[in-house]
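The values are calculated or read from the model by the stated rules, or taken from the named source; none is laboratory data. Predicted model, so just to flag it, every value in this text is computed and none were measured. Reconstructed Cβ throughout: ideal geometry from the backbone, glycine too, with neighbour counts over all protein chains shown.
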Amino acid sequence: MTKDECRQVVLDIIADIAPDEDLSNVKPEVRLRDQLQLDSMDFLDIVMELRKRHGIEVPEADYMQLASLDSCAEYLTPKFNALAGKS
Amino acid sequence: MKPARIVITGIGLTAPNGNTLADFRHSLLNGVSGVSRIEVRHMGQQLAGVCTYDPLKYQKRKELRVGTRAGSISIYCAREALADSGVAFDALPKDRVGIYLGCTEHGNVETENEIHNISKFAYDTKFWSHYHNPRTVANNPAGETSLNLGVTGPAYTLGAACAAGNLGLIHATQMLRLRECDFAICGGVSESSHTFGIFAGFKSQNALATHEDAAKASRPFDKARNGIVISEGGCLYTLERLEDAQARGAKIYAEIAGYHVNSDASDYVLPNPTRQAECVRAALGRSGLAARDIHIVNTHATATPLGDIQECEAIRAVFGVDCPETHINNTKSFIGHAMGAAGALELAGNLPSFNDGIVHPSINVDDLDPQCALPGLVLNTPRAAARIDTILNNSFGMLGINSTLIVRRFVA
């Protein structure tokens, strides 16, 4: 998985958990909470959907890694690739 | 000192056969049922009353995703009631607004959904939703409404089984009289048709209605009645002290005339006609009205073989003689049993009688059960009444909770 693909995975999840948001111009380097109406429960949704859809676990200590699309991609892409390597 | 006079100034509702009072009333006067067939988890097709209001009218899609059906119904009804009341809601001190919602139960839908969800993950509870607790707390419907409206006064639910709709109005009346709030949003809501457990429970009790024709399935007082049609719905009112309503020039639907709540203390599920009659008489006593002064008695009857007979026994004991102007009807025959919303919806369906002078009937009675043959029963077609100045609304529930609410035409 590339980092771009990883960003899209996160955006797809956000599209489901925040269906009223316009995601066409999300800036990857800007914190998601600074450009979208997302609260702490929504971030728990992102964690849950990564677990449900992709088998990815994000420990609580790493939640800050989900701050922006770029940081998500940095943090999650190796996890996705590690999973792919196992299968 | 006389207690403050309390009046109804706004109504918002969603019933299986109408999403406004006007539509609901039209359905009740034209024999329009709201019962259809839905797919129920683990049980296949079942008869149910389903509401068709637009949830997006007052909520965003994310709020609907996070919240509950009962919360959504409550918000819709509250917003509709406020609009109907004509109150300048933005100008009201929000800490003086009370929200009092009756519920039969709350949380079963969400718990069932979560168990179904984790069943797909080998029951691993790490897949259990973090929304489970805010969705299932008993105050959820009232809490979601307070969030939507920005109300900072008391907002909570009253658990009273199927008497709960009346309880919402009764409690709001008490809180207004105690000056715990200055403006009340109250009534009852139910999302029960979204839980398979209630269907399965009634089926195990042999109390779940069946019929080839969905529209004919809910048939209180009919000899062939065979149980309850489970429905969702909601009906919320705005209640105010009379002087406040008059000061703002509000239209007034009716005045709260009397009420009573008591308990059978005799059985988990079987009703007790002696206690029901006591409840009705106590409400009459509080209202200062005699039985013969009541022009519409809206029954609770749910179409269970025994329950209808027992309520009729209670009504016969109070209204059986010397009540020539008392008409008796039933609303569940149109919409099924909307559980916590039932009492509030059924009162609303009758309130227009003060203006149109017509009593809506109890439909689907092809063969009247002789044990339910009450004098004054209005069957199958609406009846024009010489006088309608009072309505008595019965709602009873499991564990033996009984409620009677009486409203009268408002006369200054």
Of residues in the stretch A:23-58 being of a type in the set (D, E, K, R), in a helix (DSSP H, G or I) and away from chain B (no Cβ under 14 Å), the one farthest from B:Lys62 (Cα to Cα) = A:Asp34
Any idea which of A:Ala61, A:Ala73, A:Ala84 is away from chain B (no Cβ under 11 Å), free of Cβ contacts under 8 Å to residues at least 12 places away in the same chain and not in a loop (DSSP other than H, G, I, E, B)?
-> A:Ala61
Selection status of B:Gly44, touching a Lys or Arg at 6+ places or on another chain (Cβ under 8 Å), away from every other protein chain (no Cβ under 14 Å) and on the phi > 0 side of the Ramachandran plot = no
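Yes/no matrix, rows are residues, columns are (1) closer than 25 Å to B:Ala338 by Cβ; (2) touching a helix residue (DSSP H, G or I) at 6+ places or on another chain (Cβ under 6 Å):
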site: B:Gly67; (1), (2): yes, yes
site: B:Gly71; (1), (2): yes, yes
site: B:Leu82; (1), (2): yes, yes
site: B:Ser85; (1), (2): yes, no
site: B:Lys94; (1), (2): no, no
site: B:Gly102; (1), (2): yes, yes
site: B:His130; (1), (2): no, yes
site: B:Ala142; (1), (2): yes, no
site: B:Asn166; (1), (2): yes, yes
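This table checks each residue for (1) in contact (Cβ under 8 Å) with a residue 60 or more places away in the chain; (2) buried (at least 22 other Cβ atoms within 10 Å of the Cβ); (3) assigned to a strand (DSSP E or B); (4) of a type in the set (Val, Ile, Thr).
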position: B:Ala142; (1), (2), (3), (4): yes, yes, no, no
position: B:Thr145; (1), (2), (3), (4): yes, yes, no, yes
position: B:Gly153; (1), (2), (3), (4): no, no, no, no
position: B:Leu167; (1), (2), (3), (4): yes, yes, no, no
position: B:Met175; (1), (2), (3), (4): yes, no, no, no
position: B:Val189; (1), (2), (3), (4): yes, yes, yes, yes
position: B:Ser193; (1), (2), (3), (4): yes, yes, no, no
Of these, B:Ile328, B:Ile309, B:Ile335, B:Ile315, which one is modelled with pLDDT of 95 or more and surrounded by fewer than 21 Cβ atoms within 10 Å (Cβ to Cβ)?
-> B:Ile309
One residue from B:Ala277, B:Ala303, B:Ala282, B:Ala342 being part of a helix (DSSP H, G or I) and surrounded by 24 or more Cβ atoms within 10 Å (Cβ to Cβ) | B:Ala342
Considering only the stretch B:364-395, state which residues are buried (at least 18 other Cβ atoms within 10 Å of the Cβ) and in a strand (DSSP E or B).
-> B:Leu377, B:Leu379, B:Thr390, B:Ile391, B:Leu392, B:Asn393, B:Asn394, B:Ser395
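Check the stretch B:350-365 and report whether any residue there is of a type outside the set (Lys, Arg) and farther than 30 Å from B:Thr238 by Cα. Can you show your working first?
First, pick out the residues of the stretch B:350-365 that are of a type outside the set (Lys, Arg): B:350-365.
Within this subset, residues satisfying the condition of being farther than 30 Å from B:Thr238 by Cα are B:364-365.
Yes, there is a match, as at least one residue in the stretch B:350-365 is of a type outside the set (Lys, Arg) and farther than 30 Å from B:Thr238 by Cα.
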Select from the stretch B:69-109 the residues that are surrounded by fewer than 24 Cβ atoms within 10 Å (Cβ to Cβ) and β-branched (Val, Ile, Thr) and list them in ascending order.
-> B:Val87, B:Val109
Residues located in the stretch B:297-322, provided they are within 30 Å of B:Gln205 (Cβ to Cβ) and among the hydrophobic types (A, V, I, L, M, F, W, C) = B:Val297, B:Ala301, B:Ala303, B:Leu306, B:Ile309, B:Cys312, B:Ala314, B:Ile315, B:Ala317, B:Val318, B:Phe319
For residues that are among the charged types (D, E, K, R) and within 14 Å of another protein chain (Cβ to nearest Cβ), tally how many sit in the stretch A:2-22.
-> 4
Could you say whether any residue in the stretch B:115-123 is surrounded by fewer than 18 Cβ atoms within 10 Å (Cβ to Cβ), within 14 Å of another protein chain (Cβ to nearest Cβ) and small (Gly, Ala, Ser)?
-> yes
Please indicate, with yes or no, whether at least one residue in the stretch B:150-163 is out of contact with any strand residue (DSSP E or B) (no Cβ under 9 Å at 6 or more places or on another chain), of a type in the set (Ser, Thr, Tyr) and not assigned by TED's automatic domain parsing to the domain that holds B:Met339.
-> no
Could you check B:Lys62 against (1) within 14 Å of another protein chain (Cβ to nearest Cβ); (2) touching a strand residue (DSSP E or B) at 6+ places or on another chain (Cβ under 6 Å); (3) among the charged types (D, E, K, R) and say which number it fails?
-> (2)
